[in-house]
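Any read-out appearing in this document is the output of simple, stated calculations on the displayed coordinates, not a laboratory observation. In this text, all values refer to a predicted model and were calculated from it rather than measured experimentally. Neighbour counts run over all protein chains shown; Cβ positions are idealised from the backbone, glycine included.
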Amino acid sequence: MQSFKHKLALGLTAIVKKYNIRAEDFILWAEVFEVKPIYLLDMDGPIVDFEGHFLSLWRRHYPTHAFIPLSRRGNFWVQEQYAKLDPSYPKLINKIVGTTEFFRTAPAVDGARKAVREMRECGAEVFFCSSPRPGLPQTALGKLEWVDRNFGEYFANRTILTQDKTVIFGHVLIDDKPDISGANPNPSWRQVLWDMPFNRSCNGMPRMRRWASWRSFLGVSRIAR
C-alpha cells in the first residue's frame, strides 16, 4: 500500500500541475510537508558535454569535412542539421556517437558533479533520466558506464533509460530538449530547460544556464533533511 507521504507527494504534484505553480514554490511546500522533491536530470547536455565532445571527435576523425560551430547549432538532433551540409554526414556521425566509447570518454559539464552532490546532501531524491540514441542501442551501455565512472555505483543504480520521459514520475525535469512528448500528455514533472543554442527560440519555460546557480534557481536551500 502507498505510504501517507507518497500519497501526499502525488497530491502536491497534481496541485502544482493544475495551478501552474513554479518549481521553486513547490520546494517550499515540500519543506512544510516533509516531502522530498524528486529531480530528474537529463544527461546529454546538462550533465554530459555531448555537443563539445562530439565536435572535438568529428574534427579529429574528419578534419577535411565541414562542421558546425557550437554557437550555430540550431537543431536538437545533430544528425539532422549536419545532413543539410552533406547527406552522407549522419552515417558518419552515428559511427562516432553510436559507440560505448563515445560516452565513456565524454567530459562532464562544468559544475555538474558538485551540483548533483549538493542536491543529494540537501535531501532531494536525484535520478538521471536519459534516452539512448534512437537506433544506437550501444549508447545505453555507454551511458550507464559513464555514470558509474563519474558519479559512482549509487547513481548508476539511479539512472533511468527510456525513450518516453513523460511516464517517469518526478517533480522537476532538467532537460535541454524543448519539445518533450510521449504517452502521458500530463507528466508529473515541471521542465526546467537547460540552455543550449538550439533551444534559445523556445519561450515559456524557466531556463537554467549553469549549475553554480542551481540553489537559487530552484529555491531549494531549505529542503527537508
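Taking a ≥ b ≥ c as the square roots of the eigenvalues of the Cα gyration tensor of segment 50-104, is the shape rounded (a/c under 1.5), prolate (a/b larger than b/c) or oblate? Rounded. A protection proxy built from the mean count of other Cβ atoms within 10 Å ranks the segments 198-209, 139-150, most packed first, as 139-150, 198-209.
Here the gap between Arg149 and Ser216, fully extended at 0.36 nm per residue and compared with their Cα-Cα distance, gives a gain of 21.3 nm. A Förster distance of 30 Å, applied to the separation of the beta-carbon atoms of Asp164 and Asp86, puts the FRET efficiency at 0.40.
Over segment 50-104, what relative contact order in percent results from Cα pairs under 8 Å that are six or more residues apart?
It rounds to 28 percent for segment 50-104.
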